[in-house]
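Written below as structure tokens is the structure these notes are about.
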Amino acid sequence: MGLLDIFKKIEPDKKKSPILHTLFDAVFTFAYSPNTVTSGKGVHVRDGMDLKRQMIHVVLALGGLFLFGAYNIGHQHFIAQGNYTGFLEAVGLKLIYGLVKLLPLFIVANVVGLGIEIITAARKGHAVEEGFIVSGALIPLIMPPDLPLWILAVAVAFAVIIGKEAFGGTGMNIWNIALLARVFVFFAYPTTIAGDEVWVAGYEKLAEGAATEYGFMITSVINPILEAIGSISFTPAVVADGFTGATPLSLAYQGGWDAVTQHYSTAQMFWGSIPGSIGETSKPLIVLGALFLLITGIASWRIMLSMTIGAIVMAMILNAWGASPMMTVPWMYQFYMGSFFFAMAFMATDPVTASGTNTGKWIYGITIGAIGMIIRTINPAYPEGWMLAILFANTFAPLIDHYVLQANITKRLKRA
Amino acid sequence: MNKGIKLFAFIACLVFSVSPLAAQTSGGSNKGFIIGLIVAGAILLLWAIISITDNLLQIEANKAGIDPEKENMSLFPKFKDLFSKGAPAYVQDNHFVRLNKGFDIKLAGGISDESIHDAAVTRFSLSPYNFRGISPIPKVVVAVGDEVKAGDVLFFDKKNPDVKYVSPVSGEIVDIQRGAKRSISDVIIMADKEQQFATIEAPSLDAISRDELVAFMASSGAWTLLNQRPYDVLPELTDVPRDIFISTFDTAPLAPDSKLFIQGNEAAFQKGVDVLNHLTEGKVHLGLDARSSKSNSAYAGFENAAKHYFAGPHPAGNVGIQIHHINPIGLNDKVWTLNVQDVITLGKIFTEGKYDASRIVALTGAELKEPKYVRTYQGANIAELLKDNVDSNNYRMVSGDVLSGTAKNGEGFLDLKDDQVTVVEEGDQYEAFGWLAPIAPRPSVSNTYPWFLYPNYKHRANTNTHGEKRAFVVTGQYENVLPMDIYPQFLMKSIMTQEIEKMEGLGLNELTEEDVALCEFVCTSKAPLQELLREGLDYARAQQ
């Protein structure tokens, strides 16, 4: 109990320094479950599950995506140069490069987000709620690797302050926090998150012969270390001939499935060694994470299933229409491209912003699946539809619930 | 849950496996699209015709008075007929309900030996707090030092002086305790070694009108055995219940086996059911246990009662759940509920002419040296019941089960309707990373704990909250453990915002604390649902 004594000794005064105390409380309850007992008026025994455990299991499900996402940043970077193009060549360099890009995003998102959470919690006089544990893990994964950190900070601040705290904190928000941060970047700084240029890290412009830009971290810290231990190091290079950096989705727009397969094999798209947002590319790892969430019962299978059904049906209908190259992409290939699985497993299933009734969840999921597919396929301005579709369905989730509840009420009134 | 995973995996496989085959097929053309539309339209039309026919058939069946629960007059098989297991053979033609939602909390400290011991309890109490709706300071007609017999009047409510509250045991009044605002909290009786019963001249049921029966019950103390839903109150003398419901089994954690209650008391129970039949315009309904494949219900042979079998995990034995599946409480309905042991006490007034409030009580919990059944009376002192039996220094005594019982201190008495005492460890300790990697197993519905693979492991629970209170975040978890057509989370929110019409529309009247207790147990946000529900019930009752 040594650690417990230390904690008790350093506990700041709640009145004098509320923010410090809130920070202390957050760290302390992280290290030790509190000694509170049931009140004696309700249940005497409680389930072992709490919100911390709930949230951390979502983060665990994301673990593989962080690792793969970091590696893929490095992989895409070297492919652009035409160096180490095999997936398992220069593993160390790719991973280091990816981490140099991903860690600052992760740290900035969490410092800004948790900072705001702690300050608001102190002002309101309650404990820091755990909602941002998941948001803070999701946000880096849905951003392009080269996103300027200040833009990320502004986006996270916007999402947490306007999207969450203004509505009353964790559990009260209407829109998915992570997607709100992304949609903010998407509309406020579109050039940093849309187009063919942004998905490969390390280049100002992906034109032929453009030079690689290595920052201070790589040239002055990592390279000397690598050279000291006699390993291969980062060497300035130029973009290889014919490299475009286009994602499968933008290729499919212009030339349908044939244009996609000229650049990427289905295996590449399936395993995820393609450019894209950091966490979205690896389908097997996402499906593993989704299965983990389903087996532990944390995410709603109803939403995942209904969203899949909605997307498949809509893709089939659009196939039948077939008016543009994108619409002619066979429906099952739609799932190789873009971030359907990531959105389904981790974004749509956010319990706070989804429908709260089981019937509502079916409607909610089908809505997202169908609308997301429509946006992706028909609207040329938005290369991917899930972000907007989920935010749209978030907006309507309370309405869906209202009608489900109203049906329940009407049924009961009729019986009387 | 499992079905969902399977279906999802199936579709995921489909998406990945079919793709290479269909790669060659082209996207289709406008012609195909139009044909598709026509086919879809035709299917829709056909479906409309069939469903209209089906509706008409069911309307006809309704007019002919066919019970839709028993005869399926629809063209479609019922969903539950397709997917649920059939009823055990002993159910025969009786109404059978299999509940799939719910959860059995497996706790250590159950009773292995079914023999019933005598309890050496000397102090008993009748507490006005146990009767919801009576004035806080009833008129006490006895004084400290008076001798009373079992069945003698102890106090009555000044607003409703005809209803008498009678002593559960014979002995000497030793104390009249007062609680907050000088309300009477306990009338305490030191029991005699040999119990004396006041003689009651019970009328014959054949020659008595309902009004006379009600008057007799009010004066003999039998009326106080009744409980009225909604709100769980003592009924007014003018109330006529739509139906009366008796659950003959208890599914709560470590609950006593109700077949012990009935042994030797069959005649009294039957008489009690007969009396209740006189009091209602509807029926007396018995909820029977159909959880095991072999018939074990000692209650199947009683007459004058409609029998309904229930199978499934807790809360299948809760009378509120059973009412919901037999005939739900409507907005203007009043129904009565009784425990088995109360029915037996009621019956004995008529068969033996005495108010016999003896109770078989299960002493349970992992903190006991020897969990066992004891024979005692209503309102027994809990510390005396547990004397020399507790094997712990830091424990909580609960009158009732761990889900909806009441915590008692050493001076506490068994609550009126309780037939169980549970002793659990107080969990007032910090636990390093207790939320992430708990070493000690604890009961949970969550599959994030590896021991979900061992559903029969008996846990040693404690009273720690295992986390702090939060806003509602997780959805759908209450619905998984409440086998009713109710949305508990939205109901709770409507109680918080005091929207009376929404509360009642969402089924407030059908619930009582014990029904939402399991929801409170599983709640990730550690919300006090039972307190909240009672707030709503009190609020709705005040609006009447």
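Tabulated results
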| quantity | calculated |
| --- | --- |
| Over segment B:465-544, relative contact order from alpha-carbon pairs under 8 Å, at least 6 apart, % | 38 |
| Alpha-carbon centroid distance for the pair segment A:208-244 / segment A:1-80, whole angstrom | 37 |
| Solvent exposure, largest accessible area first (probe 1.4 Å, DNA, RNA and ligands not counted), of A:GLU384, B:GLU194, A:GLU11 | B:GLU194, A:GLU11, A:GLU384 |
| Sequence-distant lysines (8 or more away, or on other chains) whose Cα lies within less than 27 Å of A:LYS94 | A:LYS205, A:LYS283 |
| Convex hull (Cα only) mean projected area of segment B:416-461, reported in nm² to one decimal | 4.9 |
| Tilt relative to chain B, helix B:340-351 - C-alpha long axis, 0 to 90 degrees, to 10 | 50 |
| Packing-based ranking, highest mean first, of B:514-526, A:67-79 given that Cβ atoms within 10 Å are counted | B:514-526, A:67-79 |
| Relative contact order (percent, whole number), segment A:278-416, Cα cutoff 8 Å, 6+ residue spacing | 28 |
| Kirkwood hydrodynamic radius over Cα pairs of segment A:124-268, then Stokes diffusion coefficient at 10 °C and 1.306 mPa s, in µm²/s | 87 |
| Per-peptide average of other Cβ atoms within 10 Å, ordering B:470-476, B:197-203, A:12-18, B:330-336 highest first | B:470-476, B:330-336, B:197-203, A:12-18 |
| Within segment B:465-544: Cβ-based charge dipole about Cα centre, in debye rounded to nearest 20 (Lys, Arg +1; Asp, Glu -1) | 320 |
| Cα-based convex hull volume of segment B:288-416 per residue, rounded to whole Å³ | 169 |
| Anisotropy class of chain A from Cα gyration tensor, a/c 1.5 cut | oblate |
| Cross-link table A:LYS41/B:LYS294; B:LYS149/B:LYS369; B:LYS63/B:LYS502; A:LYS41/B:LYS259; A:LYS41/B:LYS502; A:LYS414/B:LYS469, entries beyond 27 Å C-alpha to C-alpha | A:LYS41/B:LYS294; B:LYS149/B:LYS369; B:LYS63/B:LYS502; A:LYS41/B:LYS259; A:LYS414/B:LYS469 |
| Inter-centroid distance (Cα atoms) of segment A:177-204 relative to segment B:148-204, Å | 77 |
| Folded to 0 to 90 degrees: helix B:210-220 orientation relative to chain B principal axis, Cα | 60 |
| With Cα atoms, 0 to 90° folded angle of helix B:2-18 axis to chain B main axis | 10 |
| Cut-off 11 Å between beta-carbons: net charge of the residues surrounding A:VAL43, Lys and Arg +1, Asp and Glu -1 | -3 |
| Most to least accessible of A:MET316, A:MET332 (protein chains only, probe 1.4 Å) | A:MET316, A:MET332 |
| Sequence-separation-based contact order of segment B:268-334, relative, with Cα cut under 8 Å and 6+ spacing, percent | 28 |
| Solvent-accessible area of B:VAL166 with every protein chain in place, 1.4 Å probe, in Å² to the nearest 10 | 0 |
| Distance in nm between pseudo-label sites at B:ARG132 and B:THR199 (7 Å out along the Cβ direction from Cα) | 4.0 |
| Simple Cβ-charge dipole of chain B, Lys/Arg +1 and Asp/Glu -1, about Cα centre, in debye nearest 20 | 1660 |
| C-alpha center-to-center spacing [segment A:319-397, segment B:214-233] in angstrom | 58 |
| Sorted peptide list for B:253-265, A:221-233, A:152-164, criterion being average Cβ within 10 angstrom, highest first | A:152-164, B:253-265, A:221-233 |
| Volume per residue of the C-alpha convex hull in segment A:278-416, rounded to whole Å³ | 120 |
| FRET efficiency for B:ARG242 and A:TRP150, using Cβ-Cβ distance with R0 set to 51 Å, rounded to 0.05 | 0.15 |
| Principal axis dimensions, chain B - Cα atoms, whole angstrom, descending | 98, 65, 47 |
| 10 Å Cβ neighbours from other chains, averaged over peptide A:327-333 | 5 |
| Formal net charge of residues neighbouring A:TRP199 (Cβ-Cβ distance under 11 Å; K, R +1; D, E -1) | -4 |
| Exposure ranking of B:ARG291, B:ARG132, B:ARG396, B:ARG182 by accessible area [1.4 Å probe, largest first] | B:ARG182, B:ARG291, B:ARG132, B:ARG396 |
| Around A:TYR253: net Lys/Arg minus Asp/Glu count, Cβ-Cβ under 13 Å | -2 |
| Average beta-carbon neighbours from other chains, 10 Å sphere, peptide A:304-311 | 3 |
| Square roots of 5 times each gyration tensor eigenvalue, C-alpha, the protein assembly as shown, largest first, Å | 62, 34, 22 |
| Solvent exposure of segment B:332-465 as accessible area per residue, Å², 1.4 Å probe | 38 |
| Potential extension, B:ALA143-B:PHE452 segment - 0.36 nm per residue separation minus Cα distance | 105.6 nm |
| Those residues of segment A:206-248 whose amide nitrogen sits under 20 Å from the label point placed on A:GLN254, 7 Å along Cα→Cβ | A:206-210, A:239-248 |
| Stokes-Einstein diffusion coefficient of segment B:465-544, Kirkwood radius over Cα pairs, 37 °C, 0.692 mPa s, in µm²/s | 260 |
| Within straight-line cross-link reach of A:LYS8, lysines at Cα separation under 18 Å, skipping those fewer than 8 residues along the same chain | A:LYS16 |
| At 0.890 mPa s and 25 °C, Stokes D of segment A:48-122 from Kirkwood alpha-carbon radius, µm² per second | 170 |
| In nm, spacing of pseudo-spin labels at A:GLU204 and A:VAL221 (7 Å Cα→C-beta vector) | 2.4 |
| Descending principal axes extents, segment B:186-277, alpha-carbon based, whole Å | 41, 36, 32 |
| Segment A:206-214 - phi-based ³J(HN,Hα) in whole Hz, Karplus 6.51/-1.76/1.60, Gly and Pro as x | 8, 7, 4, x, 5, 7, 6, 10, 9 |
| Heavy atoms of A:PHE292 accessible to a 1.4 Å probe, total area in Å² rounded to 10 | 80 |
| For B:HIS95, solvent-accessible area (1.4 Å; no DNA, RNA or ligand), Å² | 30 |
| Distant-in-sequence amide H partners of B:ASN227 (H built 1.01 Å from N, under 5 Å) | B:THR337 |
| Gain on full stretching of the segment that runs from B:ARG541 to B:VAL390 - 0.36 nm per residue minus C-alpha separation | 50.3 nm |
| Inter-chain Cβ neighbour average for residues B:524-532, partner chain, 10 Å | 5 |
| Candidate aspartates and glutamates for bridging to B:LYS334, where Cα separation is under 12 Å - those fewer than 8 sequence places away on the same chain excluded | B:ASP232, B:GLU236, B:ASP239, B:ASP243, B:GLU281, B:GLU510 |
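The values are calculated or read from the model by the stated rules, or taken from the named source; none is laboratory data. These figures come from a predicted structure and were not determined experimentally. Using ideal geometry, Cβ is built from the backbone for each residue, glycine included, and neighbour counts are taken over all protein chains shown. Heads up: the accessible areas ignore ligands, DNA and RNA and are worked out on the full protein's heavy atoms, side chains in. Shrake-Rupley method; radii C 1.70, N 1.55, O 1.52, S 1.80 Å.
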